[in-house]
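The values are calculated or read from the model by the stated rules, or taken from the named source; none is laboratory data. Since the structure is predicted, the reported quantities are computational estimates derived from the model, not experimental observations. Note: ideal-geometry Cβ built from the backbone for every residue, glycine included; neighbour counts use all protein chains shown.
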Amino acid sequence: MALLAGALPACAMALAACGSGSSSTSSDFIARATAVCRTFYDRAYALPAPVSMADFLGYPAKQQALSEAELSGLRAVTPPPSAKAAYAAYLRDLAELDALNRPLAAKMAAADAAAVQRRGAGAAGRTKLRLGEGREEVRRQEALRVSLERQARALGLTVCARNPYTAEHTSPG
């Protein structure tokens, strides 16, 4: 979708929020990573809730673009030497989660586009998806989310540890 173009401004904003990529102290690292995660949450919570099937089918692509911008922003943050290995593992798992989510977003967008082609513009959102497919991927995604929360907390990144699908949103103060 054209939404990937929207990821670039989000990424630029996240990078601007966290300053340069070098972090000299643990508190600098936490502040910069937290700024990236807050930008992600603010943008994710600003997405309008899907009200139609077409909205629902397009929602994963919007969320994916935001997740990829968050990962890009977090990669620009350099941890202190004591957290380097743990942060690298966190970023690897976050990248794996994004990689698992990407096909679902593409599949939902493609399914809706195919319905429009077959039945005309009025068919948007009338696509049947086989939700039983990919159960193993869903299990892996959930395991990664749990692991990422634990890893983020261990790194002191409590804002990044929130689950974007269940956490209450509070504006950064």
Go through the residues of region 50-61 one by one and say whether even a single one is modelled with pLDDT of 80 or more and more than 21 Å from PRO103 (Cβ to Cβ).
yes
Among the residues of region 139-167, the number that are modelled with pLDDT of 75 or more, closer than 20 Å to LEU66 by Cβ and either among the β-branched types (Val, Ile, Thr) or in a loop (DSSP other than H, G, I, E, B) (or both) is 6
In region 27-43, how many are surrounded by fewer than 18 Cβ atoms within 10 Å (Cβ to Cβ) and in contact with a helix residue (DSSP H, G or I) (Cβ under 7 Å, 6 or more places away or on another chain)?
0
When region 44-89 is examined, which residues are found to be surrounded by 14 or more Cβ atoms within 10 Å (Cβ to Cβ) and outside any helix (DSSP H, G or I)?
PRO50, ALA76, VAL77, THR78, PRO79, PRO80
